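Okay, so here's the structure we're looking at.
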Amino acid sequence: AVTCGLWWSYFRHAREALEHALATRQGNARSRLARDVFSVLHFPMLCGVIAIAAATEAALAHPEEVLAPDLRGALGVGAILFVCGTAAGTWRAVGRPLLWRWALAPVVAIVVFAFNTVPWVAMTLVLAMLVAIGAVEHYIVTPVRSANR
């Protein structure tokens, strides 16, 4: 479910905004945007997915055991890297920060790390954040369109 939430949080809103921004630029501006967004700012997202995958693997292997602090840290930091990396890419592309992403990810990461609990609880917290982000972006936020910069 967390993997689906990550996919949804990227492809439902961010990808469209990034592709639209790239399509509206020409020449050097387009090249710089592609470099920044699809290389530099996708790197934290990739690292986040890897960290979440490591925590998920351990959670699936030992679902009844309390998630170790390093794995809770990996899950929380992975969520920050992915969610805030997506926000940074969108900010660079369209010039508008997605403040709910910047606010929710660190809070959820702190809560995930602070609660010494079984994996499904930690994963549910991350999933709830992703669902909240999806709901905000689907029902409240107008589609992000690129500003001609």
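Checking Gln26 against (1) more than 20 Å from Leu98 (Cα to Cα); (2) open to solvent by less than 80 Å² (accessible area, probe 1.4 Å), only one condition comes out false. Which one?
It is condition (2) that Gln26 fails.
Count, please, the residues in the stretch 23-62 that happen to be in contact with a Lys or Arg (Cβ under 7 Å, 6 or more places away or on another chain) and part of a helix (DSSP H, G or I). So that I can check it myself, show each step before the final result.
Narrowing the stretch 23-62 to residues in contact with a Lys or Arg (Cβ under 7 Å, 6 or more places away or on another chain): 33, 36-37, 41.
Those still in the list that are part of a helix (DSSP H, G or I) too: 33, 36-37.
Residues meeting the conditions: 3.
Pairs, please: C-beta under 7 Å, at least 6 apart or cross-chain, first residue under 19 Å from Pro63 (Cβ atoms) and in the stretch 106-130, second open to solvent by 30 Å² or more (accessible area, probe 1.4 Å) and in a helix (DSSP H, G or I)?
Filtered contacts from the stretch 106-130: Val112/Leu125; Phe115/Val121; Leu125/Val111.
State which residue is surrounded by the fewest Cβ atoms within 10 Å (Cβ to Cβ) when the search covers only the stretch 61-71 and only residues that are over 15 Å from Ala109 (Cβ atoms) and without any contact (Cβ under 8 Å) to a residue 12 or more places away in the chain.
As a first pass, look at the stretch 61-71 and keep what is over 15 Å from Ala109 (Cβ atoms): 61-66, 68.
Remaining after also requiring without any contact (Cβ under 8 Å) to a residue 12 or more places away in the chain: 61, 68.
Values: Ala61: 9, Ala68: 14.
Applying the filter and picking the extreme gives Ala61.
Residues of the stretch 29-46 being surrounded by 15 or more Cβ atoms within 10 Å (Cβ to Cβ) and closer than 26 Å to Ala135 by Cβ, which ones?
Of everything in the stretch 29-46, those that are surrounded by 15 or more Cβ atoms within 10 Å (Cβ to Cβ) and closer than 26 Å to Ala135 by Cβ turn out to be Val37, Leu41, His42, Pro44, Met45.
Could you please find all residues in the stretch 104-122 being open to solvent by less than 60 Å² (accessible area, probe 1.4 Å) and either part of a helix (DSSP H, G or I) or modelled with pLDDT of 95 or more (or both)? Even if it seems obvious, please write down each step before you answer.
First, pick out the residues of the stretch 104-122 that are open to solvent by less than 60 Å² (accessible area, probe 1.4 Å): 104-106, 108-109, 111-112, 117-119, 121-122.
Listed by number, the residues that qualify are Leu104, Ala105, Pro106, Val108, Ala109, Val111, Val112, Pro119, Val121, Ala122.
Run down Ala79, Ala74, Ala55 and say which single residue is crowded, with 22+ Cβ neighbours inside 10 Å, of a type in the set (Gly, Ala, Ser) and under 11 Å from the mean Cα position of the chain (by Cα). Steps first, please.
Working: Ala74 fails: under 11 Å from the mean Cα position of the chain (by Cα); Ala55 fails: under 11 Å from the mean Cα position of the chain (by Cα).
None of the other options fit; the residue is Ala79.
The values are calculated or read from the model by the stated rules, or taken from the named source; none is laboratory data. Everything numeric in this text was worked out from a predicted model, so none of it was measured. Note that we place each Cβ from the backbone using ideal geometry, even for glycine, and neighbour counts take in every protein chain shown. Areas reflect the complete protein model, heavy atoms only, side chains present, ligands, DNA and RNA absent. Shrake-Rupley method; radii C 1.70, N 1.55, O 1.52, S 1.80 Å.
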